[in-house]
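Peer 1: One structure, pasted below without further comment.
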Amino acid sequence: MGKHFGNLARVRHVITYSLSPFEQRAIPNIFSHGLPNVMRRFTSQVLKVVPPFAVGYLIYSWGTEEFERLKRKNPADYEHDQ
């Protein structure tokens, strides 16, 4: 019937290592190393990311307001209608 799924190809010169799930620590040093690392990365990238988003938001809000203003009719054009 052919080869089984785990033995489809013979790979040479590749060594794989694995740990038992019982030997691994799920969240090691999250408060002592993880959170400070997140803050360091965030503060180093915030000045690169926030200004383009802020400019994009300002352009979008200005465009939306301008579109709504231009959609309205001018009341002065209809003063003498009956």
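Nothing in this text is a laboratory measurement; each read-out follows from the coordinates by a stated rule. Keep in mind that what you see is a predicted model, and the values were worked out from it rather than measured. Every residue, glycine as well, gets a Cβ built from its backbone with ideal geometry; the counts of neighbours run over all protein chains shown.
Peer 1: Hand me the trypsin sites (Lys or Arg not before Pro) from segment 20-82 located in a DSSP loop with no more than 11 other Cβ atoms within 10 Å, in residue order please.
Peer 2: ARG25, ARG72, LYS73
Peer 1: At most 10 other Cβ atoms within 10 Å and a DSSP loop assignment: could you name the chymotrypsin sites (Phe, Trp or Tyr not before Pro) in segment 5-82 that fit? Could you put the intermediate results ahead of the total?
Peer 2: On the way: sites: PHE5, TYR17, PHE22, PHE31, PHE42, PHE53, TYR57, TYR60, TRP62, PHE67, TYR78; in loops: TYR17, PHE22.
In loop regions of segment 5-82 (DSSP not H, G, I, E or B), the sparsely surrounded chymotrypsin sites (Phe, Trp or Tyr not before Pro) are TYR17, PHE22.
Peer 1: State the percent of C-alpha pairs, over all pairs in segment 33-72, separated by a distance greater than 15 angstrom.
Peer 2: For segment 33-72, the fraction of Cα-Cα distances above 15 Å is 60 percent.
Peer 1: With each run of n ≥ 4 DSSP H residues scored as -39500 (n - 2.57), what mean residue ellipticity at 222 nm is computed for the chain after dividing by its residue count and rounding to the nearest 500 deg cm²/dmol?
Peer 2: Using -39500 (n - 2.57) per qualifying helix, the result is -16500 deg cm²/dmol.
Peer 1: Using Cα centres only, tell me the gap between segment 1-35 and segment 39-82 in whole Å.
Peer 2: Result: 50 Å between the Cα centres.
Peer 1: Suppose we look only past 22 Å in the calculated P(r) of the chain. What percent of the Cα-Cα pairs does that tail hold?
Peer 2: That fraction is 72 percent.
Peer 1: Can you find, among PRO21, VAL49, LEU8, the residue sitting farthest towards the positive end of the charge dipole of the chain, where Lys and Arg contribute +1 and Asp and Glu -1 at Cβ?
Peer 2: LEU8
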